[in-house]
Amino acid sequence: MTEETARGAPAGESGPDKQAPEEGAQQREKWANKTEFIFAMAGEIIGLGNIWRFPYLCYKNGGGVFLIPYCVFLFFCGIPVFFLETALGQYTSEGGVTAWRKICPMFEGVGIASQVIVTYLNIYYIVVLAWGIFYLINSFKSPLPWSTCDNYWNTEQCHSSASVFTNPDLYRPNFNWSFLNNVTSPDYFDEDDTYLNNTFMMGHSPEEEFWRHRVLRMSNDMSLTKVHWDLALCLLLAWVICYFCIWKGIKCTGKVVYFTASFPYLMLLLLFFRGVTLPGAGDGLSYYLKPDFNKIADPYVWSDAGTQVFYSYAVCQGVLTALGSYNKYNNNCYRDCLVLCCLNSATSIFAGFVVFSVLGFMASNLGVPVEAFAASGPGLAFIVYPQALSLLPAPSFWAVLFFLMILFLGLDTQFVCVESLATAITDMFPRRLRRRGAREILVLVIAVVCFLLGLLFVTEGGIGLFHVVDTYGPSGTSLLIIACAECIIIGWIYGADRFYHNIEDMIGYLPIPVLKYCWLFVTPLICGLTVLFNLSTVRSVYIRGYIPGSLVSIVGFLLVATPLICIPVYILVSLCRDGDNMTTPSRHLRQAKPHKPVLTLCKFVIFKAQGPPNRSAADRNEKMMMEEPSGV
């Protein structure tokens, strides 16, 4: 056997870029240029969580102090895993499943697990876009339908902000509202079970009544059988837009993201300059960033920081691997990842200024504390912020801008997630799905199935189901466990040094050594400890008494267990297929330095260079995995 064969690809070729396509399949596409990749990645990682989750967590967890645990998780967990997944995709030129199959066949289940989580996101996340479209349509009305109590859905307990000026003492914090049979209403979307206790805001404001009685239309039994046709049409429109953004592959996606990823920044800038010029904006900003150093010792603050980093950076979902797989082999993904990570975190911090400047104005206008309006999730986007916008001059104009921003922030995240799932499936069955017209059909099938399942979320009880799936579907526990598995596979099984040599071969130099030791020790340790803490502090989700806690626990357990069970299942599958080559990388992977040790620590060789595998068995196993069963 020649040295060239042992290495898997000649040193003078570009590795995966030079691979011949499967027989009967078209050549795999690549990004037209680096800008398309950057915009696509930015569109995925910069989404609604930057606007409605990070600012609230920062305020809630000690203001500026929250940035300390956030940066710890970012530098030692977020960035290492983010770069690992992106580089893996670029190196293998494969999607989120087959990339892991080629690196280590026994851990193909890690890729399957990530795609299960992406499927959750594809089904329920787009419902937020349906709500956004519904609000956007209503934003063209004057007056804004959620700003008055004169609509058919309003109750006798509704009191608009105009009442403040006729009786300003009515909305002071200590005023007795018992004559309205006051009840405290939860923010259904806050996974920390926080409540907005201000009655004007949540219990009786026209904005809250529009959200509850016009948009959600919850029933007492929280039935999942009666679909609201207007929301269903909005959901259908969201899917139609999403489909035509990606149906032709990355040649189409790469052009669309120029607009969908940049437009929200223009809206953020406009809202920022409007917000900071409003009276009371300074009070809101001080609430946002004022440090509370007592919070630094609270383990819940650290848990929130870790969860936010993993959500915000879209790691462990296979999306980064899919987007990276369309890069050219010699693209400098290391530099790209550092730039994207800085952009993402900067956007989150900047969004806090946009949100809390307006909340400060709102609090000043109504004479109540800023904390009365602090909320996260759709509670912020569809109740608090619309109320603030209704207090501004030309409220319809600002409402249209705000909900356009919400729509585009969510849209590029959504269609990139669909693209990730389509890429993973296509790479698993290239002979069938890389044929002309096959991709359009595949994306259409994904869209139709996810739309039909998504109809459950626009029913009378859909909000309860949404909250359960949002809490347990892409749960922090699942993401952390998958991150641990990915780091262990790359660091200890495939070999951190070997992966470093692969990266050097792609970008021309070695990344900083810190990343290697993060993959080997730091990231798995931090993620493991966070998982243990989360498991020890599990709290039941309870939706207004309509959904029994036992049922929520069962559904939640299934949502969390389904992706994770894929990992051990595929280990057993790999054992049955070819027990002798369970950890042997694909022979098609380019190995620039095959005679170097795959793992060294402090110049000590931990694992020596691996010789070539039993090619006859490996080739037979690889061919079997890449082919579909006959008759399908």
Number of the condition not met by LYS248 [criteria: (1) farther than 28 Å from VAL400 by Cβ; (2) in contact with a strand residue (DSSP E or B) (Cβ under 8 Å, 6 or more places away or on another chain)]: (2)
Residues within the range 346-397 that are of a type in the set (Ser, Thr, Tyr), modelled with pLDDT of 85 or more and not in a helix (DSSP H, G or I), tallied: 0
Boolean, LEU421 is assigned to a helix (DSSP H, G or I) and either of a type in the set (S, T, N, Q) or closer than 19 Å to GLY111 by Cα (or both): yes
Selection within the range 102-113 - farther than 19 Å from GLY556 by Cβ and in a helix (DSSP H, G or I): LYS102, ILE103, PRO105, MET106, PHE107, GLU108, GLY109, VAL110, GLY111, ILE112
Listing of helices (runs of 4 or more DSSP H) fully contained in the range 183-249 that carry 1 or more residues being modelled with pLDDT of 90 or more and crowded, with 23+ Cβ neighbours inside 10 Å: 206-209, 229-246
In the range 86-106, the residues that are touching an Asp or Glu at 6+ places or on another chain (Cβ under 7 Å) and not small (Gly, Ala, Ser): GLU94, VAL97, THR98, TRP100, ARG101, LYS102
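Condition check ((1) basic (Lys, Arg); (2) part of a loop (DSSP other than H, G, I, E, B)) across all residues:
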{"site": "LYS255", "(1), (2)": "yes, no"}
{"site": "PHE263", "(1), (2)": "no, no"}
{"site": "LEU270", "(1), (2)": "no, no"}
{"site": "ARG274", "(1), (2)": "yes, no"}
{"site": "LEU278", "(1), (2)": "no, yes"}
{"site": "ASP283", "(1), (2)": "no, no"}
{"site": "TYR300", "(1), (2)": "no, no"}
{"site": "ALA305", "(1), (2)": "no, no"}
Per-region count, the range 449-464, residues in contact (Cβ under 8 Å) with a residue 12 or more places away in the chain and in a helix (DSSP H, G or I): 11
Top-ranked residue of the range 575-612 - restricted to ones that are among the β-branched types (Val, Ile, Thr) and surrounded by 18 or more Cβ atoms within 10 Å (Cβ to Cβ), ranked as farthest from TRP100 (Cα to Cα): VAL598
Any hit, the range 342-358, residues being of a type in the set (A, V, I, L, M, F, W, C), in contact with a Ser or Thr (Cβ under 7 Å, 6 or more places away or on another chain) and closer than 27 Å to ALA42 by Cα: no
Every residue from the range 447-464 that is surrounded by fewer than 24 Cβ atoms within 10 Å (Cβ to Cβ) and either among the basic types (Lys, Arg) or in contact with a strand residue (DSSP E or B) (Cβ under 8 Å, 6 or more places away or on another chain) (or both): LEU455, THR459
Test: LEU525 is surrounded by fewer than 19 Cβ atoms within 10 Å (Cβ to Cβ) and out of contact with any Pro (no Cβ under 9 Å at 6 or more places or on another chain): yes
Identity of the residue in the range 477-513, closer than 27 Å to TYR300 by Cα and surrounded by fewer than 23 Cβ atoms within 10 Å (Cβ to Cβ), that ends up nearest to the chain's Cα centre (by Cα): THR477
Index of the failed condition, CYS518 passing every other in (1) touching a residue at least 60 places away in the same chain (Cβ under 8 Å); (2) part of a helix (DSSP H, G or I); (3) touching a helix residue (DSSP H, G or I) at 6+ places or on another chain (Cβ under 8 Å); (4) surrounded by fewer than 23 Cβ atoms within 10 Å (Cβ to Cβ): (4)
Of all residues making up the range 59-73, the number that are part of a helix (DSSP H, G or I) and either surrounded by fewer than 23 Cβ atoms within 10 Å (Cβ to Cβ) or at pLDDT below 90 (or both): 9
Cross-chain or 6+ apart pairs with Cβ under 8 Å, the range 471-496 first and closer than 23 Å to ASN534 by Cα, then surrounded by fewer than 23 Cβ atoms within 10 Å (Cβ to Cβ) and of a type in the set (D, E, K, R): THR471/GLU191
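The values are calculated or read from the model by the stated rules, or taken from the named source; none is laboratory data. Computed from a predicted structure; not experimentally measured. Glycine gets a Cβ as well: all are built from the backbone with ideal geometry, and neighbour counts include every protein chain shown.
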